[in-house]
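Trainee: Sharing a structure here in structure tokens format.
The values are calculated or read from the model by the stated rules, or taken from the named source; none is laboratory data. The model shown is predicted, which means the values in this text are computed figures rather than measured ones. In this analysis, Cβ positions are derived from the backbone assuming ideal geometry, glycine residues included, and neighbour counts consider all displayed protein chains. Just the protein is used for accessible areas: all its heavy atoms, side chains included, with ligands, DNA and RNA removed. Shrake-Rupley method; radii C 1.70, N 1.55, O 1.52, S 1.80 Å.
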Amino acid sequence: MKNKLISCLGILTLCFAVTVTAAEKPIAAKTSKLSAKDKAFMLEAGKGGQMEVNWGKLAAQNGQNPDVKKFGNRMITDHSKWNNELMGLAKEEGVTIPTAKSSAKWKSDKDYMADMVEDHTKDLAAFQSEAQNGSDPDLKKWADKTAKGVKKHLDMAKEVQSKVK
């Protein structure tokens, strides 16, 4: 009986030691398996998306034309959603997307809409390229889906731009 008790205590002690050791061992951060190109796209898309939200807030607050204000609010809504989705993908890949600080100053409705047409033209090309040529399936899927929204934004920006004098 005494030997069984000592054996049980020994096993319990060993189990406790293994549990404590496992609990103390830090969990390694996931290292990204993204290609350099995919990671660069992710970082640029994150930065650009944050800037679209920041500029959208300026347009919603300072725009004179109601269509410009409406467009700014749409940028806030859509790009905030896409930014959150991208942050989720980045987290899964162990990528940190830095917060983009806005140093933007409002000039005019006309300048804002010209910038939006130019930015969304460039963004559409980048998103379509990633969707076609990227190596990460999840990022490609997100880029493809988001490219469709960026295309809508580009069309809307051109329409609003035509109304702004």
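Trainee: Say each of D138 and E118 gets a label point 7 Å from the Cα, pointing the same way as Cα to Cβ; how far apart are those two points in nm?
Mentor: 3.5
Trainee: Place a +1 charge on the Cβ of each Lys and Arg in segment 28-140 and a -1 charge on the Cβ of each Asp and Glu, then give the dipole magnitude about the Cα centre in debye, rounded to the nearest 20. Mind showing how you got there, number by number?
Mentor: Numbers: 17 positive and 17 negative charges, 70 e Å.
Magnitude of the dipole: close to 340 debye.
Trainee: Let me ask another. How large are Rg and Dmax for segment 31-145 when only the alpha carbon atoms are used, in Å?
Mentor: 14.9, 47
Trainee: Quick one: 3J(HN,Hα) in Hz for segment 36-45, Karplus 6.51/-1.76/1.60 with θ = phi - 60°, rounded, Gly and Pro as x.
Mentor: Going residue by residue, I get 4, 5, 5, 5, 4, 4, 4, 5, 5, 5 Hz, with x marking Gly and Pro.
Trainee: Would you kindly find the accessible area of E118, with a 1.4 Å probe and non-protein molecules such as ligands, DNA and RNA excluded, rounding to the nearest 10 Å²?
Mentor: Surface open to solvent at E118 totals about 90 Å².
Trainee: Projected onto the charge dipole of segment 76-162 (+1 at Lys/Arg Cβ, -1 at Asp/Glu Cβ, origin at the Cα centre), which of T121, Q132, S108 gives the Cα projection farthest towards the positive end?
Mentor: Final value for the positive-end residue is S108.
Trainee: Cα gyration tensor of segment 94-147, axes a ≥ b ≥ c as square roots of the eigenvalues: rounded (a/c below 1.5), prolate (a/b > b/c) or oblate?
Mentor: On the way: a/c = 4.06, a/b = 1.66, b/c = 2.44.
Oblate, because a/c is 1.5 or more while a/b does not exceed b/c.
Trainee: What are the ³J(HN,Hα) values, in whole Hz, obtained from phi via the Karplus relation 6.51 cos²θ - 1.76 cosθ + 1.60 with θ = phi - 60°, for each residue of segment 77-91 in sequence order, with x given for Gly and Pro?
Mentor: Computed from phi, the couplings for segment 77-91 are 5, 5, 5, 5, 4, 5, 4, 5, 5, 5, 4, x, 5, 4, 4 Hz.
Trainee: Per residue of segment 50-56, what does 6.51 cos²θ - 1.76 cosθ + 1.60 with θ = phi - 60° give for ³J(HN,Hα)? Whole Hz please, x for Gly and Pro, Karplus curve as stated.
Mentor: 5, 5, 4, 5, 4, 5, x
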